[in-house]
Amino acid sequence: MHDGPGVRTVVFFKGCPLKCLWCHNPETQKTNRQIMFIEKKCIKCGACVNICPNKAQTINPRNISRDLCISCAKCVEICQNEALSISGKEVSIEDIINDIKKDIPFYLNNGGVTISGGEPTLQKDALIEILKEAKQLGISTCIETCGVFNESLVDELLPLVDTYLIDVKDTDEDRLYKNTGASLSHLLKILHLLDDKKAKITLRCILIPEINLNEKHLIKLTKIYKSLNNVECIELLPYHPYGLSKSEQLGLKDSSIAYTKPEREEVLDFANKLKNNNVKVKCFGSEI
Ligand code: SF4
Ligand code: SF4
């Protein structure tokens, strides 16, 4: 309901070129399957240690060596307490399309399929193939992207994508690069290439009090919005520390930071100021 128009099926691709310190889906950063561990559910029975073919787990101290783990999932199957799980699986395009087809009766209000991630363009061939199949089936298509992809891909995507949800995570070049690894100038180049070809774009903007919930960001966002002709709206996404526990389960605790969750009033105030600048704004699921 929140990833493009109408009711949609969302396919999450694993793998992302960025490493945002506030990442909401850290389990999609790496392309490979990953083991996740919830320490409070573990009763230290040792079953996972005994079955692991690569000696990746120890009980004393309780540890999983991510370098040794080959993600075979044997420990997941044997754990009676659901302390272990696997994130990600290899799926054929055919299976994905079959799943999408099953949802066709539910695609109300211009709904369809959204390819998200991670960064969907990282698995470019699979992305193109799914989009082509969806188009042939007459299903509306949408991609959710951080805009970090080669500009040569733009022409390939244009006939296949109906709606683009593009992240503008920050408008300060240095700060964006430091916190995510993304280049603002490259993102702007991609945005303008798509906009020049009349692509339908929504800009998705996370708001984090310690980073960008300020006047300077508001002015720069307004400027970006006004420099483009085909942006439907700016959608504000208040930061939520949802990704932190997942980072911990993946053994990636140090790659995320616990920021402050903005107050609803702060977000609405930011939204109203954008609106006063004649920017079309959406937040908390509806237009302001
Ligand atoms: S099998 Fe499960 S409960 Fe037993 S030690 Fe391993 S993770 Fe903990
Ligand atoms: S997924 Fe396989 S290799 Fe990794 S810890 Fe579990 S049993 Fe060992």
Selection within the stretch 5-20 - more than 20 Å from residue 149 (Cα to Cα) and either assigned to a loop (DSSP other than H, G, I, E, B) or among the acidic types (Asp, Glu) (or both): 5, 6, 7
In the stretch 80-89, the residues that are within 14 Å of ligand 1 (Cβ to nearest atom) and hydroxyl-bearing (Ser, Thr, Tyr): 85
Residue identified as within 15 Å of ligand 2 (Cβ to nearest atom) and modelled with pLDDT of 95 or more among 43, 51, 93: 51
Count of the stretch 40-68 residues which are within 13 Å of residue 251 (Cβ to Cβ), without any contact (Cβ under 8 Å) to a residue 40 or more places away in the chain and open to solvent by less than 60 Å² (accessible area, probe 1.4 Å): 4
Residue match in the stretch 137-144 (condition: open to solvent by 10 Å² or more (accessible area, probe 1.4 Å), under 19 Å from residue 28 (Cα atoms) and touching a residue at least 60 places away in the same chain (Cβ under 8 Å)): yes
Residue that is open to solvent by less than 90 Å² (accessible area, probe 1.4 Å), at positive phi and more than 9 Å from ligand 1 (Cβ to nearest atom), where the choices are 71, 92: 71
Residue count, the stretch 47-68 (criterion: basic (Lys, Arg) and either within 13 Å of ligand 1 (Cβ to nearest atom) or farther than 23 Å from residue 245 by Cα (or both)): 2
Those residues of the stretch 9-27 which are of a type in the set (S, T, N, Q) and either buried (at least 22 other Cβ atoms within 10 Å of the Cβ) or in contact with an Asp or Glu (Cβ under 6 Å, 6 or more places away or on another chain) (or both), in sequence order: 9
Lone unmet requirement of (1) near ligand 1 (Cβ under 8 Å from one of its atoms); (2) over 24 Å from residue 118 (Cβ atoms) for residue 77: (1)
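Test residue 77 against the criterion of being open to solvent by 70 Å² or more (accessible area, probe 1.4 Å), under 22 Å from the mean Cα position of the chain (by Cα) and within 16 Å of ligand 2 (Cβ to nearest atom), and give yes or no.
Against the criterion (open to solvent by 70 Å² or more (accessible area, probe 1.4 Å), under 22 Å from the mean Cα position of the chain (by Cα) and within 16 Å of ligand 2 (Cβ to nearest atom)), residue 77 does not qualify.
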Residue list for the stretch 98-126, restricted to those being under 20 Å from residue 15 (Cα atoms) and β-branched (Val, Ile, Thr): 113, 114, 115, 121
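The values are calculated or read from the model by the stated rules, or taken from the named source; none is laboratory data. If you're wondering where the values come from, they're calculated on a predicted model, not measured in any experiment. All Cβ positions, glycine included, derive from the backbone under ideal geometry; neighbour counts span all protein chains shown. Remember, those area values only see protein heavy atoms, side chains included, never the ligands or the DNA or RNA. Shrake-Rupley method; radii C 1.70, N 1.55, O 1.52, S 1.80 Å.
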